[in-house]
Amino acid sequence: SPSLTAHRRSGVVARCSCPKWVLFASASLSRTFAPGRMSDFVRDMRNHKIVPDVVPVPPESLLHVTYPGGLRVNLGNILTPTEVKHVPEVAWPEAEPDAYYALVLTDPDAPSRTAPKFREWHHWLVVNIPGMDMAKGDTLSDYIGAAPPRKTGLHRYVFLLYRQNERIYYKESRLSNRSTQGRGKFSTHKFSEKYELGLPVAGNFFQAQFDDYVPKLYRQLGHFQNAF
C-alpha cells in the first residue's frame, strides 16, 4: 500500500457522559473519514474487518513491524509461522520520547475465522514502553508466534499500539511462552478500557496459516495437538 500520512493524536477531549472511546472515536473519525480522504490504511483495516472484530475504530497511523530477514508486516500480507517465530522489531516514527506506550499482538480468529470461540487469543503484550524502547518495556505476555491450527485457513494477526497517559501499574498475570494459559478470550478493546488507554494510535497486521513449524510450537506450549 502507498505510504500513510500519519495523524497526530488529538490533545483535547470535551467532557460528556459518553464512554471515553466514543470521544476519541469522534475525533479520529473526523480526521480519518473526511470525504474523499479515506486512506488505503484505513480501507485495509476495514476490509479485513479488524474493525469491528478487534477495535471499534481504526488506528490513526501505521506501525512499523519487521521480522528477522527484513520481512515486513504490511496490512494483511501473508507470512508463514516459520517466518514469524521470533520477536520482531517494532517502531513508530511519531513516538514521543517522554511518553509510555502499550503494545498488543492478537489473533481474533482462534481457533478459526469462521468459528472464533476463543476470540481473541493474544500473542504478545508489552506495556510501559518508554518512547518505543521495547527493551525497556514491561512484558506481561511473552511473545508467541503465529500458530494457526491445521485446516483453519488464514488467521489475522493484529498489532495495536496505545499511548499511555502515564506509567501504569497493570494488575495482570505474567504469561510465559511455554503455556497457553490465560491467552484465550482476551479483548484488546476491554483491556484498553480497563486501563483508560483510549484508542490505538498505530497498528498493522499480517495473515498466516498452518505450516510445519506449528506442531513444534504446540510442543513448546505443552500441547501435542491443536492448542487453540
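The values are calculated or read from the model by the stated rules, or taken from the named source; none is laboratory data. Please read all numbers here as calculations on a predicted model, not as lab measurements. Don't worry about glycine lacking a Cβ; one is built from the backbone with ideal geometry, like all the others, and counts go over all protein chains shown. We work out accessible area using only protein heavy atoms, side chains counted, and drop any ligands, DNA or RNA first. Shrake-Rupley method; radii C 1.70, N 1.55, O 1.52, S 1.80 Å.
Scanning the range 102-115 for residues that are assigned to a loop (DSSP other than H, G, I, E, B), buried (at least 17 other Cβ atoms within 10 Å of the Cβ) and of a type outside the set (Gly, Ala, Ser) yields Pro108, Asp109, Pro111, Arg113.
Run down Arg167, Arg163 and say which single residue is farther than 12 Å from Leu125 by Cβ and either hydroxyl-bearing (Ser, Thr, Tyr) or not in a loop (DSSP other than H, G, I, E, B) (or both).
Details: Arg167 fails: either hydroxyl-bearing (Ser, Thr, Tyr) or not in a loop (DSSP other than H, G, I, E, B) (or both).
So the residue among Arg167, Arg163 that is farther than 12 Å from Leu125 by Cβ and either hydroxyl-bearing (Ser, Thr, Tyr) or not in a loop (DSSP other than H, G, I, E, B) (or both) is Arg163.
Filtering the range 60-101 to residues that are open to solvent by less than 50 Å² (accessible area, probe 1.4 Å), within 20 Å of Asp142 (Cβ to Cβ) and either in contact (Cβ under 8 Å) with a residue 60 or more places away in the chain or polar (S, T, N, Q) (or both) leaves Leu63, Val65, Thr66, Val73, Leu79, Pro81, Val84, Val90, Tyr101.
Taking the options Tyr143, Tyr162, name whichever one is buried (at least 22 other Cβ atoms within 10 Å of the Cβ) and either within 20 Å of Pro52 (Cβ to Cβ) or within 13 Å of the chain's Cα centre (by Cα) (or both). It would help to see each step written out before you state the result.
On the way: Tyr143 fails: buried (at least 22 other Cβ atoms within 10 Å of the Cβ).
None of the other options fit; the residue is Tyr162.
Being farther than 21 Å from His48 by Cα, at pLDDT 95 or above and not β-branched (Val, Ile, Thr), is that true of even one residue in the range 197-205? Step through it out loud before you land on a result.
Within the range 197-205, the subset farther than 21 Å from His48 by Cα is 197-198.
With the extra rule that they be at pLDDT 95 or above, the set shrinks to 197-198.
Checking the rest, the ones that are also not β-branched (Val, Ile, Thr) come to 197-198.
Yes, the range 197-205 contains a residue that is farther than 21 Å from His48 by Cα, at pLDDT 95 or above and not β-branched (Val, Ile, Thr).
Against the list (1) at negative phi; (2) within 17 Å of the chain's Cα centre (by Cα); (3) surrounded by fewer than 22 Cβ atoms within 10 Å (Cβ to Cβ); (4) in contact (Cβ under 8 Å) with a residue 12 or more places away in the chain, the condition Lys185 fails is (1). Cβ separations smaller than 9 Å between residues 6+ apart or across chains give the following pairs from the range 43-55 residues that are touching a residue at least 40 places away in the same chain (Cβ under 8 Å) and among the aliphatic types (A, V, I, L, M) to residues that are assigned to a helix (DSSP H, G or I) and surrounded by fewer than 17 Cβ atoms within 10 Å (Cβ to Cβ): Met45/Val51.
Taking the range 15-52 as the range and being open to solvent by 40 Å² or more (accessible area, probe 1.4 Å) and at pLDDT 50 or above as the test, the residues that pass are Met38, Asp40, Arg43, Arg46, Asn47, His48, Lys49, Pro52.
Out of curiosity, is Tyr143 of a type in the set (Phe, Trp, Tyr), assigned to a loop (DSSP other than H, G, I, E, B) and over 18 Å from Arg119 (Cβ atoms)? Yes; evaluated as a whole, the condition is true for this residue. Scan the range 118-125 and give yes if some residue there is among the acidic types (Asp, Glu), crowded, with 23+ Cβ neighbours inside 10 Å, at pLDDT 95 or above and part of a loop (DSSP other than H, G, I, E, B), otherwise no. Among the residues of the range 118-125, at least one is among the acidic types (Asp, Glu), crowded, with 23+ Cβ neighbours inside 10 Å, at pLDDT 95 or above and part of a loop (DSSP other than H, G, I, E, B), which makes the answer yes.
When the range 188-228 is filtered for residues that are in a loop (DSSP other than H, G, I, E, B) and without any contact (Cβ under 8 Å) to a residue 24 or more places away in the chain, the ones remaining, listed by number, are Phe224, Gln225.
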